Amino acid sequence: MDIYEALKARHSVRSYKDRKITGYVKEELESFIDECSEKSGIYIKLFADEPKAFGGIISRYGKFVNVKNYILIAGKRGERLDEMCGYYGEKIVLKAQTLGLNTCWVGLTYNKSAIPYKPKIGEKICCVIAIGYGVSEGVPHSQKNINDVSFAEGTPPQWFINGVKAALLAPTALNQQMFFFELIDENKVKATACRGFYTKIDLGIAKYHFELGAGKENFTWK
């Protein structure tokens, strides 16, 4: 499975098999996580065989079952931190999908105090991503119409349409899809987050999807 197949095949999964992440899969995943962490400047780490963060009432409220592995994303507080967490976190999510793993973005329904990581002064934990071998592959989420989340004067180029379609496949908090893409001039795209729950993280996720669908060679971000 390549990254484009993963983009279409990946769905949120909350129930996992009692199977450890080991060998080549773990090595490849951790190597990619380290690469993303170094490039982004944010803290990203895989916690394997660590069930405490999803072992209490909060996680049961989120309907999580047998989550023993998760990816932590944290960093220095700043205007673009949440967007960066979403962008690089989704890169890892899709990489995981190509390795045969399943995932689920988690904002609130986990025990933050149980995570064996304490943010430094000026840092915050943005979110975690549950990861492992799912009981199922999950199900597709409902999608808004292209016109609900984008605008282009006249007839938009096919790469822009492809980008928006890919963004609509992106996971968002409560399936809000509160992002908007606007084509400016011939090859500049403005992406904004609307008001809502975790929308800046969602924007980062959607922007990565847009890049995959549109092709980074076809446009620049405004």
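Output the residue which, of all residues in region 177-186 that are modelled with pLDDT of 95 or more and not hydrophobic (A, V, I, L, M, F, W, C), is farthest from the chain's Cα centre (by Cα).
For region 177-186, the residue satisfying everything is Glu182.
Could you list, in sequence order, the residues of region 131-181 that are among the aliphatic types (A, V, I, L, M), in contact with a Ser or Thr (Cβ under 9 Å, 6 or more places away or on another chain) and open to solvent by 30 Å² or more (accessible area, probe 1.4 Å)?
Val135, Val139, Ile161, Met178
What's the total number of residues in region 18-40 that are surrounded by fewer than 14 Cβ atoms within 10 Å (Cβ to Cβ) and in a loop (DSSP other than H, G, I, E, B)?
Looking only at that region, the number is 3.
Checking Gly107 against (1) closer than 18 Å to Asp202 by Cα; (2) at pLDDT below 95; (3) more than 13 Å from the chain's Cα centre (by Cα), which test does it fail?
Failed condition: (3).
Failed condition for Trp159, given (1) in contact with a helix residue (DSSP H, G or I) (Cβ under 6 Å, 6 or more places away or on another chain); (2) part of a loop (DSSP other than H, G, I, E, B), with all others met?
Among (1) in contact with a helix residue (DSSP H, G or I) (Cβ under 6 Å, 6 or more places away or on another chain); (2) part of a loop (DSSP other than H, G, I, E, B), Trp159 violates only (2).
Is there a residue in region 80-102 that is buried (at least 17 other Cβ atoms within 10 Å of the Cβ), in contact with a Ser or Thr (Cβ under 6 Å, 6 or more places away or on another chain), farther than 20 Å from His141 by Cα and of a type outside the set (D, E, K, R)?
Among the residues of region 80-102, at least one is buried (at least 17 other Cβ atoms within 10 Å of the Cβ), in contact with a Ser or Thr (Cβ under 6 Å, 6 or more places away or on another chain), farther than 20 Å from His141 by Cα and of a type outside the set (D, E, K, R), which makes the answer yes.
Being out of contact with any strand residue (DSSP E or B) (no Cβ under 6 Å at 6 or more places or on another chain) and more than 30 Å from Lys17 (Cα to Cα) is the requirement here; does Asn145 meet it?
So Asn145 passes the test.
Name the residue, out of Val25, Val13, that is under 20 Å from Ala170 (Cα atoms) and either in contact with a helix residue (DSSP H, G or I) (Cβ under 8 Å, 6 or more places away or on another chain) or not acidic (Asp, Glu) (or both).
None of the other options fit; the residue is Val13.
The values are calculated or read from the model by the stated rules, or taken from the named source; none is laboratory data. Predicted model, so just to flag it, every value in this text is computed and none were measured. Every residue, glycine among them, receives a Cβ derived from its backbone with ideal geometry; neighbour counts consider all protein chains shown. Calculation scope for accessible area: heavy atoms of the full protein, side chains included, ligands and nucleic acids excluded. Shrake-Rupley method; radii C 1.70, N 1.55, O 1.52, S 1.80 Å.
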